[in-house]
Amino acid sequence: MSWTNLATNGRILVVDDAMENIQILHQALRGEHDVLFALSGEKALELAHQQLPDLILLDAMMPGMDGYAVCAALQESAATHDIPVIFVTALSQPEDETRALEAGAVDFISKPFNIAVVRARVRTQLTVKRQADALRELTLTDALTGVANRRSFNDTLENEWRRCARSGAALALIMIDIDHFKRYNDLYGHQAGDLCLQQVCDAMRRCASRPQDLLARFGGEEFILLLPEEELTGASAVAQRLLDEVTAAALPHAASPTGALVSVSMGVAATRPRAGNDTSGLIRTADALLYRAKHTGRNRFCA
Ligand code: GH3
Ligand code: MG
Ligand code: MG
Ligand code: MG
């Protein structure tokens, strides 16, 4: 991936209470970008959540909710927090500009604007946004398998824990460890071992079917599946599917005493998170159950 090759076309939300300004900006940008528009701050917030634009061009002065209030509301919501905002406004005093930047805007363009300058600044901010997105993706992904890494798992677990504590829902974890993987490496070599980790992940990914489920590499040949809003019964059914999918992948493991195929052992735990208590007990329980699965024959789950 090259930073300079990141395409700059994207979806832009233009917000202005004057239709004439929207028309000018739409004309200027539509050749390169997908342009949406809103005639009020309230409508802008609604569209931002629905359409998740890559960039927002925001008028400061509007009746009702003004640009500063829109910017503050975008900042407060996790879904819209990372959308860059460029203020486009007739206000041109340094304190207006400062106020916009303090509200969270990434750039400030004064009216009357020059179309070429608007286009150039939009391109710059879209490039910066793409780079930030790509970087975030890299810091949250395991390079070998493409599943979430441990950091991403920890962040997501904390967030889902709080969310479930608020809603009263349960939360489940499946701790997964490949059986006799040391022998696999010893027999087939480390490179084949790497490929095997990828193939096991591909099989397991099919079991994390809901958008809130998260499969992560916990370390080495250990993985963890986070299942928010799932009870022990549901999580056990998912663990059975994991076993079935890994078996169906039919990856040869001639050195495995468990069978001639690659298999996994799992510990399944669930709890009802409460505000104030932490996640470590649940992980310890899943880990202890994984240990039991190992010691009662492997290629199974304990719940
Ligand atoms: P058990 O069934 O009890 O889990 O036995 P095991 O051999 O799987 O467990 P052990 O913890 O003894 O060995 C884990 C092996 O996983 C050793 C290590 O070299 C290998 N491993 C960890 N990470 C990677 C990796 O990224 N690539 C490869 N190829 N091997 C790895
Ligand atoms: Mg206005
Ligand atoms: Mg193992
Ligand atoms: Mg292990």
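Read the figures in this text as sums done on the coordinates, not as results from a lab. Small disclaimer: the values here were computed from a predicted structure and weren't measured. Note that each Cβ is placed from the backbone with ideal geometry, even for glycine, and that neighbours are counted across all protein chains shown.
For this structure, a couple of remarks:
- In the set (1) without any contact (Cβ under 8 Å) to a residue 24 or more places away in the chain; (2) in contact with a helix residue (DSSP H, G or I) (Cβ under 8 Å, 6 or more places away or on another chain); (3) of a type in the set (Asp, Glu), the condition left unmet by Asp244 is number (2).
- Only residues that are farther than 30 Å from Gly31 by Cβ, over 13 Å from the mean Cα position of the chain (by Cα) and in a helix (DSSP H, G or I) were counted in the range 121-159, giving 2.
- Residue in the range 177-215 that is nearest to ligand 4 (Cβ to nearest atom), counting only those that are in contact with a Leu (Cβ under 7 Å, 6 or more places away or on another chain) and outside any helix (DSSP H, G or I): Asp177
- Complete set of residues in the range 81-138 that are charged (D, E, K, R) and over 25 Å from Ser152 (Cα atoms): Glu95, Asp96, Glu97, Arg99, Glu102, Asp107, Lys111, Arg119, Arg121, Arg123
- Conditions (1) outside any helix (DSSP H, G or I); (2) of a type in the set (A, V, I, L, M); (3) surrounded by fewer than 16 Cβ atoms within 10 Å (Cβ to Cβ); (4) under 29 Å from the mean Cα position of the chain (by Cα): number failed by Ala248: (1)
- Taking (1) closer than 24 Å to Val70 by Cα; (2) polar (S, T, N, Q); (3) within 16 Å of ligand 1 (Cβ to nearest atom) in turn, Asn185 satisfies each apart from (1).
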